[in-house]
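The values are calculated or read from the model by the stated rules, or taken from the named source; none is laboratory data. Computed from a predicted structure; not experimentally measured. Here the Cβ positions follow ideal geometry from the backbone for every residue, glycine too, while neighbour counts run over all protein chains shown.
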Amino acid sequence: MGLISDLIGAVGAVSASLLDPRKGPLREDAYRMADIVLSAFSLFFIGSPSFLAYQRRLEEGQGRSNCQTLFGITRIPTDATIRQMLDGAPPEAFDGLFLQTLEAAGPLTAFRRLDDRVLIALDGTEHFCSRKIQCPRCLHRRRADGGEEYFHSFLGASLVAPGHAQVLPLAPEFITPQDGAEKQDCERNAAKRWLARHGPGLASLRPVYLGDDLFACQPIVAAIGAAGGSFILTCKPSSHQTVSEYLHGVKPEEHRETTVKHGKRTTAIYRWITAVPLRASDDAIAVNWFSIETRNAAGKRTYANSFVTDLPVSAANVAELAACGRARWKIENETFNVLKCGGYNLEHNFGHGKKTLASVLVVLNLLAFAAHTAARLGCLAWAEAMAARKANYRFFEHLRTITAYVVFHDWEQLLGSITDAAIRPP
């Protein structure tokens, strides 16, 4: 049970650094900041959809005691105080905690593919949109009716693996107006910043970066190489003229595999070509192109896609390469979709602020999701409690309800009461 307590404790420890050290904060000031950050983090950790309702429940008394025993909160600040104090805090202050969740999850054996590599999917998503509310970190766009729309978005990154139900989110990179930039920020620029900041620290995992067609370009491929990683990126011929022209003049190698599942026969056809120039220039990076096409028993095509990679391609590994490339969708379905529709309420405006509040709250939300996944992979009691409630949302329903009426000494006692209803509450 130390895994959960250690992760929560690490969040509190990082909170003290959010105060300006030049002001010489007193020790009690650091603890106050820890109370503020942990109060916000606990909101996302138990999956509450409302900041105000959550704070009111904590103030009823029982929640206050559970906050002390489960989250280490000494004094519960108001939701207005939390928003005021977090607005202006640097979102990147919590980046190191995402690496701690990776370590807490265990050896990551289940995520290893392609000769002991890990797959990291990159993609962008929005988490706020309004025509009235805005801040200096907002992006903007003009709509068809002439109105101006303000929105926030970020580049997400997740450890994924084909055939694995879990994903492990990593620190995000926010897509925001950049100092001195004439053009508005975009996913590609955010991806280059993310790779420069986080790539070297992840190089020991031998990462293979996955991305959609937008990332299959020379600047991103070069950034991945500089960060010590490899790549498998979706590459549509319609948007890559040089690659498409090159394919017309070369006959690709081919490999076929037929499988029967649930009585249905499927044939997968793989084709590949090596040393394809990524663009029409003298300094073009050469990549290996491969495609997958699946056909049913009647010969009808049911799926088709193509990719580029810097990994060697052969009949022995092309099927695994294709499966890994297709795992990119997990960041959309099992990361962003879960965050928006699976109880984390990513698109809900918990607080926008005038500086960095919206981004800090998103980081804490992502961190709660990462901690949940790490606990599920590395904490048997957490996994058993979730299995006992069957559906994920039922587990968090129990978590929110039981802590509203019963005070628990620690996480072990709480999870045991969820797993076994016969256990008497303290």
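From the list Ala275, Ala284, which residue is within 19 Å of Val221 (Cβ to Cβ) and assigned to a strand (DSSP E or B)?
After ruling out the rest, the residue left standing is Ala275.
Restricting to helices (runs of 4 or more DSSP H) lying wholly in region 335-426: which have 2 or more residues that are closer than 30 Å to Pro136 by Cβ and touching a residue at least 24 places away in the same chain (Cβ under 8 Å)?
Those helices (runs of 4 or more DSSP H) span 337-341, 357-378.
For Trp329, state whether it is under 17 Å from the mean Cα position of the chain (by Cα) and within 30 Å of Pro277 (Cβ to Cβ).
yes
Take the conditions modelled with pLDDT of 90 or more and under 16 Å from the mean Cα position of the chain (by Cα) and apply them to Leu159. Does it pass?
Details: modelled with pLDDT of 90 or more: yes; under 16 Å from the mean Cα position of the chain (by Cα): yes.
Considered against the rule, which asks whether it is modelled with pLDDT of 90 or more and under 16 Å from the mean Cα position of the chain (by Cα), Leu159 comes out as yes.
Collect the residues in region 257-267 that are at negative phi and surrounded by fewer than 12 Cβ atoms within 10 Å (Cβ to Cβ), keeping them in residue-number order. So that I can check it myself, show each step before the final result.
The initial filter retains those residues of region 257-267 that are at negative phi, namely 257-261, 264-267.
Hits for region 257-267 are Thr258, Thr259, Val260, Lys261, Lys264.
Checking the conditions here, which among Ile175, Ile224, Ile220 is more than 27 Å from Val276 (Cβ to Cβ) and of a type outside the set (Phe, Trp, Tyr)?
Ile175
Which of the residues that make up region 246-283 are touching a helix residue (DSSP H, G or I) at 6+ places or on another chain (Cβ under 9 Å) and either over 18 Å from Pro312 (Cα atoms) or outside the structural domain of Ala316 (by TED's automatic domain parsing) (or both)?
Glu257, Ala268, Arg279, Ala280, Ser281, Asp283 - these are the residues of region 246-283 that are touching a helix residue (DSSP H, G or I) at 6+ places or on another chain (Cβ under 9 Å) and either over 18 Å from Pro312 (Cα atoms) or outside the structural domain of Ala316 (by TED's automatic domain parsing) (or both).
What single numbered condition from (1) more than 20 Å from Val318 (Cα to Cα); (2) within 33 Å of the chain's Cα centre (by Cα) fails to hold for Ser230?
Just one mismatch for Ser230, condition (1).
Look through Phe154, Phe128 and report the one residue that is crowded, with 19+ Cβ neighbours inside 10 Å and touching a Pro at 6+ places or on another chain (Cβ under 7 Å).
When all the criteria are applied, what remains is Phe154.
How many of the residues making up region 164-197 are over 22 Å from Ala110 (Cα atoms) and either buried (at least 23 other Cβ atoms within 10 Å of the Cβ) or not basic (Lys, Arg) (or both)?
21
Can you pull out every residue in region 99-125 that is under 22 Å from Ser5 (Cβ atoms) and touching a residue at least 12 places away in the same chain (Cβ under 8 Å)?
Leu99, Gln100, Thr101, Leu102, Ala104, Ala105, Gly106, Leu108
Considering only residues of region 332-366 that are of a type in the set (A, V, I, L, M) and more than 14 Å from Leu43 (Cβ to Cβ), which is farthest from the chain's Cα centre (by Cα)?
The residue in question is Ala358.
Considering only region 342-349, I want to know if a residue exists there that is crowded, with 16+ Cβ neighbours inside 10 Å, under 28 Å from Val167 (Cβ atoms) and aliphatic (A, V, I, L, M).
Here is the first cut: in region 342-349, the residues crowded, with 16+ Cβ neighbours inside 10 Å are 342-346.
Pick out the ones that are also under 28 Å from Val167 (Cβ atoms) and you get 342-346.
If we keep only those that are aliphatic (A, V, I, L, M) too, we end up with 346.
Among the residues of region 342-349, at least one is crowded, with 16+ Cβ neighbours inside 10 Å, under 28 Å from Val167 (Cβ atoms) and aliphatic (A, V, I, L, M), which makes the answer yes.
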